[in-house]
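Peer 1: This structure is in structure tokens; I'll ask about it shortly.
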Amino acid sequence: MTDAQLDALKETLAAAPDNALLRLAVVRKLMDNNNLSEALATALDLGSEDVTNPADRVLLSGLFGQAGLTDKVELFAVRDEPTGTIEEQANAEILADQPGTSGRVLRLVGGADIEDGPINDLPEPELPETMTFADVGGLDEVKKDVHRRIILPFSQPSLVQRFRKRSGGGVLMYGPPGCGKTLLARATAGECGAKFVTAHLSEVLDPYIGGSEQRLTQIFQNARSSTPSVLFFDEIEALGAKRSTSTSSHISQLASHFLSEMDGVSANNDGVLTLAATNAPWSMDAAFLRPGRFDRMFFVPPPDRAARAKIFLLELADRLIQDPIDVNALAAATTGRSGADLRAIVEIASDDAIDQTLERGEEVPISQAMLMRAVEETRSTVAEWLTTARNHATYSNQGGRYDDILVFLEQNGRRR
Ligand code: ADP
């Protein structure tokens with residue numbers, strides 16, 4: 001079938017969207033043409049009762065299986081197949097046909113800079129809908145910088161024009177894991193009075209061909225439809241790794257798609273501020289760092305002593321504590337720990353308090369001793385990052401890009 005014939009078929013379907021047979025025909029043709037993203041979008045409106053032919057049901061199960069829509073797979077599954085579920089068979093078939101799409105992409109993302117240690121076992125904190133700088137401990141210099149370079153031009157109409165002229169682009173926050181990049185992004189949105197739209201790249205990546213691009217477009221559209229908005233991408237290095245090190249053509253393709261969305265090639269990005277965070281700025285492809293893209297970089301360092309005390313205060317607020325908790329002593333004992341490390345310490349002490357409450361049958365509050373015990377039981381997740389960062393900043397500083405790291409190491413090498 002030619003493109004023109006397919007277009008005509010689609011037009012007919014647009015005029016008669018309830019015609020299931022026609023819809024199925026369009027889905028089949030799109031799949032024949034390997035246009036799987038559109039096939040999926042078209043197939044979503046089909047109900048189980050619309051498809052009686054087992055071959056068609058297998059086809060649709062495979063399509064939905066690749067997109068990870070397990071409920072849809074169930075809906076179209078043919079129960080009396082000889083071995084395995086339809087989803088397994090369809091997936092096995094499609095994966096065999098397309099080596100290197102699904103499994104590899106997911107592994108690549110799953111392996112991105114995830115460290116072992118207690119913080120990874122913690123549940124994600126439930127963050128309030130709107131946050132401000134007051135919810136972020138320390139980072140005073142970064143906050144000042146963010147205020148001057150992002151919030152002011154973004155939120156003051158007289159300066160907006162200037163902001164637009166020089167960007168459409170974004171801001172990259174980098175630094176060790178768990179030190180407040182995500183928190184700061186959220187708080188920046190709050191300070192701008194902008195909606196916060198967040199996208200974790202493992203959510204964007206989809207084993208199904210074309211699916212990731214579609215999700216990415218959807219995320220950008222989401223941000224564009226409710227301006228002013230801050231669109232935040234965490235772990236951007238999973239997408240923007242140097243092309244030479246990227247093993248997957250799928251990722252390269254998705255990276256190009258991301259950049260064209262960010263450049264606003266097919267839509268207007270006015271009023272959308274794109275922020276991204278990475279633990280590994282040195283592995284980012286230069287294309288991501290060009291003017292108009294992530295051309296402004298902020299180093300988000302580990303918290304200093306005063307910031308650690310503030311983070312302990314924030315983390316202990318609303319918990320049952322035994323007065324008085326000396327947060328300054330805790331801060332002094334946690335040199336070199338990240339904000340997430342501190343949160344882990346408070347969580348461990350909370351678990352301790354819960355255990356003791358259960359044992360004794362009466363409420364036992366979190367005590368200084370419990371917190372200090374938790375400090376001793378845990379370790380810093382930042383040290384390794386700083387060693388890597390020192391090497392990059394010393395030996396491949398790319399025109400002073402990582403001067404902030406060197407200044408930080410110089411100023412805080414021994415003191416913190
Ligand atoms: P990153 O994005 O740098 O990896 P996050 O912003 O996700 O780190 O921080 C992880 C958690 O650690 C936060 O949810 C918060 O509980 C705690 N945290 C880290 N830095 C700070 C900070 N500066 N102030 C308050 N809490 C912090």
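Any read-out appearing in this document is the output of simple, stated calculations on the displayed coordinates, not a laboratory observation. No experiment lies behind these values; they were computed from the predicted model shown. Ideal geometry is used to build each Cβ from the backbone, glycine not excepted, and the neighbour counts take in all protein chains shown.
Peer 1: Would you grab the residues whose amide H sits under 5 Å from the one on residue 241? Only those 5+ places off in sequence or on another chain, please, with H modelled 1.01 Å from N.
Peer 2: Under 5 Å from the amide H of residue 241 lie the amide H atoms of 285, each far enough along the sequence or on another chain.
Peer 1: In sequence order, what are the phi-derived ³J(HN,Hα) couplings for segment 283-291 according to the Karplus relation 6.51 cos²θ - 1.76 cosθ + 1.60 with θ = phi - 60°, rounded to whole Hz, with x for glycine and proline?
Peer 2: Karplus values, whole Hz, x for Gly and Pro: 9, 6, 5, 4, 4, 6, 9, 5, x.
Peer 1: Here is a further query. Quickly rank 355-361, 306-312 as a protection proxy: mean count of other C-beta atoms within 10 Å, highest first.
Peer 2: Put in order of decreasing packing, that is 306-312, 355-361.
Peer 1: Ok, one more. Using a Cα-Cα cut-off of under 30 Å, which lysines could be cross-linked to residue 195, ignoring same-chain neighbours fewer than 8 residues away?
Peer 2: Residue 195 reaches 143, 144, 165, 181, 310.
Peer 1: For segment 384-390, take each phi angle, set θ = phi - 60°, evaluate the Karplus expression 6.51 cos²θ - 1.76 cosθ + 1.60, and give the result in whole Hz per residue in order, putting x for glycine and proline.
Peer 2: My calculation for segment 384-390 gives 4, 4, 5, 5, 4, 5, 4 Hz in order.
Peer 1: Packing-wise, with mean Cβ within 10 Å as the measure, how do 397-403, 183-189 rank, highest first?
Peer 2: 183-189, 397-403
Peer 1: Taking H placed 1.01 Å from N in the peptide plane, check which residues at least 5 places from residue 275 or on another chain put their amide H under 5 Å from its amide H.
Peer 2: Residues meeting the criterion, in which the H sits 1.01 Å from N, are 171, 231, 232, 233.
Peer 1: What distance in nm separates the two pseudo spin-label positions at residue 55 and residue 149, each 7 Å out from Cα along the beta-carbon direction?
Peer 2: So the two model labels end up 6.1 nm from each other.
Peer 1: Additional query: Could you tell me which residue out of 411, 292, 342 lies farthest along the dipole of segment 283-416 toward its positive end? Charges go on the beta carbon: Lys and Arg +1, Asp and Glu -1, centred on the Cα centre.
Peer 2: 292
Peer 1: Is the shape of segment 294-387 rounded, prolate or oblate, going by the alpha carbon gyration tensor and its root eigenvalues a ≥ b ≥ c, with a/c under 1.5 for rounded and a/b larger than b/c for prolate?
Peer 2: prolate
Peer 1: Quick query: amide H of residue 196 versus all other amide H atoms, modeled in the peptide plane; which residues come in under 5 Å with a sequence gap of 5 or more or a different chain?
Peer 2: Distant-sequence amide H within range of residue 196: 230.
Peer 1: Rounded to whole Hz and in sequence order, give me ³J(HN,Hα) for segment 136-151 from the Karplus expression 6.51 cos²θ - 1.76 cosθ + 1.60, θ = phi - 60°, writing x for Gly and Pro.
Peer 2: 10, x, x, 6, 4, 5, 5, 4, 4, 4, 4, 5, 6, 8, 10, 5
Peer 1: Let me ask another. Where does the charge balance sit around residue 315 when Lys and Arg score +1, Asp and Glu -1, over other residues with C-beta under 10 Å from its C-beta?
Peer 2: +1
Peer 1: Let me ask something else about it. In nm, to one decimal, how far is the modelled label at residue 333 from the one at residue 156, with both set 7 Å along Cα→Cβ?
Peer 2: For the pair residue 333/residue 156, the computed spacing is 4.5 nm.
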